[in-house]
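Below is one structure, written out as structure tokens; the observations come after it.
The values are calculated or read from the model by the stated rules, or taken from the named source; none is laboratory data. Only a predicted model underlies this, so the values are computations on that prediction, with no experimental measurement involved. Note: ideal-geometry Cβ built from the backbone for every residue, glycine included; neighbour counts use all protein chains shown.
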Amino acid sequence: MMTFEVTIPVLNEEATLDQQVRIVHDFLENHFPDAAQWRIIIADNGSTDNTRHIAAALEDELDAVKLVRVPEKGVGLALKTSWTQSKADIVGYMDLDLATDLQHFIQAYHALATEGYDLVYGTRLHRKSKVYNRTLVREITSRVFNRMLKMYLGTRFSDGMCGFKWLKRDQLAPLMEGGAVNNGWFFSTELLAIAEWKGLKMCELPVKWTDDTTASKVNIPRLAKQYIRAMVQLKKRKKA
């Protein structure tokens, strides 16, 4: 039996944090009944509303929930802070909106624990994936971005932006040393690129994904500029 932790990065999520964390907690409790096997990490990176207080209350009430305080904003920073503190065999993350169907937890776990994979990533762009409520703008943006990755960085993975990724924790340090250093959203894409370049065994997991467009805080033009800059920096690190 391998232990695992799922990190949920949050920033000003007071409206839905309690409800969503309890949904994940109940699911894991039902499917992984050994309470010592798993934990949910709420990584709060600079919330200014009541998010941190709600997370602290959940931590007090539920033994399997832990709050990690991250001093600055940035999903990548939140994940690095959480994962480098972890002692679990497997670390991963998903978004608070639970866009990825929770049943994929089970597939991801078995891929790493019993099937010999080093890293698992969800993909919305596989022919077997089922994507709902996705706006045309976001669908086009996702496909263009992933096409740019393939052309500019020479990567083969299908979806670098899906917020559902898992890896064996002993692979984290080599991946970070190899160049997965971004403090923003691009960190999870760096993980895939560097894992691929290092020849790790990667599992592509087609997912059922339901976009919550009302909850999205993504500024697509700003995010696109950040990703392009990050791609340039990653290519420089690859050549170094």
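Using the structure shown, decide if Gly92 is modelled with pLDDT under 95, closer than 26 Å to Ala180 by Cβ and not charged (D, E, K, R).
So Gly92 fails the test.
Could you pull out every one of the helices (runs of 4 or more DSSP H) wholly within the range 135-240 that has 2 or more residues that are at pLDDT below 95?
Numbers: elements: 136-153, 172-177, 186-197, 220-239.
Counting at least 2 such residues, we get 136-153, 186-197, 220-239.
Test of understanding: among Thr123, Thr81, Thr114, which residue is free of Cβ contacts under 8 Å to residues at least 12 places away in the same chain and either over 14 Å from Thr7 (Cα atoms) or within 16 Å of the chain's Cα centre (by Cα) (or both)?
Only one candidate passes the filter, namely Thr114.
Could you please tell me which pairs satisfy a Cβ distance under 9 Å, a separation of 6+ or placement on different chains, a first residue in the range 134-153 that is within 22 Å of Thr100 (Cα to Cα), and a second residue that is part of a helix (DSSP H, G or I) and of a type in the set (Gly, Ala, Ser)?
If the second residue must be part of a helix (DSSP H, G or I) and of a type in the set (Gly, Ala, Ser), the pairs left are Arg134/Ser142; Thr141/Ala224; Val144/Ala224; Phe145/Ala224.
Any residue in the range 10-30 that is buried (at least 18 other Cβ atoms within 10 Å of the Cβ), hydroxyl-bearing (Ser, Thr, Tyr), at pLDDT 95 or above and under 30 Å from Arg134 (Cβ atoms)?
No.
Tally time: how many residues in the range 172-191 are crowded, with 19+ Cβ neighbours inside 10 Å and farther than 23 Å from Val10 by Cβ?
2
Could you tell me whether Lys168 is under 19 Å from Leu112 (Cα atoms) and crowded, with 18+ Cβ neighbours inside 10 Å?
In short, yes.
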